[in-house]
Every structure is written in C-alpha cells, then in structure tokens.
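Report on the structure given below.
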Amino acid sequence: MINDNHRDADPVYERLGRQAAALLQLRRFVLFALAASLLTSAALSAVILTQKDRTRTVVIAPAESTVTYSAEEDSVSANLLERFAMNALALISNMTPATAAWQTETFLKYAAPESYGEIAAALRSGAAELARNQAAVAFFPMAVSVDRDEKRVCVKGEERLFIGRTVTGSEPAVLCLALTVRAGRLWIAALTKRPAGEFDAQGSNPNSTRTQTKGGRS
C-alpha cells in the first residue's frame, strides 16, 4: 500500500517540476526580449540624436502665384531671402510717429538673439526721434541684390524724410540685411545702411542675383 502511494506521487512531482521549468524558461525569454528591446531603443535614439536633419520644406505662395520658396536646415532659396528681407525692411523704412514703435518691435521679433541688443538700441532710438519730431520716413526701392551664399540682401532706393506733407530730406541709400538660417528659420543678424554707390559691389559675387523693381534703375 505504501509503495503504491509513492508510485502515485511521482507523476505529480514530475508534472510540477516540468511546469516550474517551463515557467522559468518563459521568464528567461521575457527578460531576454525586454533587454533586446531596450538595447534596440537605445541604439535608435542614438542614431536619431546624432543624425543631422536634412528635411526639406517647400513653402508655396498663394494659389494665384506660381512662385515657390524652399527652406532647409541651414539654407533657403534666394527668392525666400529676398521676400523676407523686403518685408522686414518695409517695417523700419516706412514709419510715422504713430506706427514707429509698433513696427520697430515687430521687426525686432526676427532679430537673432546675439544681435538683438545692438539692433534694438539703434532702431528704438530712431523711432523715438521720429515721434519726438513728429516726422515720418519713407523708402522707395529701386533695385535688389541677393547673395544666397552670404545670406545677404541689399536694397537700393531713395529715402525721404517728411514733416507733415513737406519733404525735409531726401537721399539715395542702400539698406542691407545680413541673415542667418537656423532649423529652416530666417533670423536677422545685422542691419546696415550704405552709400548708394556701394550697391554695384554686391553684384561681384557670381552666385548673387539682382532684380529691379518696376520703374527703378540699377
């Protein structure tokens, strides 16, 4: 009788042993899969962090226009440089006492962080002077020079100063913006004003382009 009980118990112990071994093997497999997943995720993260983003973004003008603009991480198309510069310069070259402060602050939103202080001091001083003298300034573009490699845009035109309807001053001038591109976004690195005679020098770069506005002269 005792021998029969021992014989009946053996299969039970064997079955429990097999189940325990199976559970242990399953646990080892899960741990191995988890470790492999973590290693794969770490490797993928390292590749993403170290790989340079060369995503190309194409900006399309309004539907009625056939002009397209392109931007990459560290460069943009020449026509995008020109459009950005013309819009930015219009803010600070056509001002009245009522709009000078707002237009100056709007322009400064596009100033590069490292250039903000210098540009802000000069523009705010000029805006305050316009308001104090109740004067207005207008700039009439005649020609544009775009250097894509240097990311520089220069606009040649005539600058006029008004008090009321009276023109109190008029002179030819060249306004230049030095730009920088970071993560596909344009920033203003420098703003300069040059004598009109220096405009032709901008065409010496074979990679530069020049366009002329309607009714202007080069």
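Here are some notes:
- Restricting segment 187-205 to residues that are among the hydrophobic types (A, V, I, L, M, F, W, C) and either crowded, with 21+ Cβ neighbours inside 10 Å or not in a strand (DSSP E or B) (or both) leaves a set whose member that is modelled with the highest pLDDT is ILE188.
- Some residue of segment 122-144 being assigned by TED's automatic domain parsing to the domain that holds GLU171 and closer than 13 Å to ILE188 by Cβ: yes
- Out of SER115, SER93, one residue alone is under 18 Å from LEU179 (Cα atoms) and over 20 Å from the mean Cα position of the chain (by Cα). It is SER93.
- The listed residue being in contact (Cβ under 8 Å) with a residue 60 or more places away in the chain and out of contact with any helix residue (DSSP H, G or I) (no Cβ under 8 Å at 6 or more places or on another chain), out of ARG132, ARG160, ARG182: ARG182
- Test: residue in segment 79-90 that is loosely packed, with under 15 Cβ neighbours inside 10 Å and either not assigned by TED's automatic domain parsing to the domain that holds PHE199 or not acidic (Asp, Glu) (or both): yes
- Across segment 86-119, the number of residues qualifying as charged (D, E, K, R) and within 12 Å of LEU191 (Cα to Cα) comes to 1.
- Taking the criterion of being in contact with a strand residue (DSSP E or B) (Cβ under 6 Å, 6 or more places away or on another chain) and closer than 17 Å to PHE162 by Cα, the residues of segment 89-129 that qualify are SER93, ASN94, MET95, THR96.
The values are calculated or read from the model by the stated rules, or taken from the named source; none is laboratory data. Just so we're clear, the structure is a prediction, and the values are computed from it rather than from any experiment. Glycine gets a Cβ as well: all are built from the backbone with ideal geometry, and neighbour counts include every protein chain shown.
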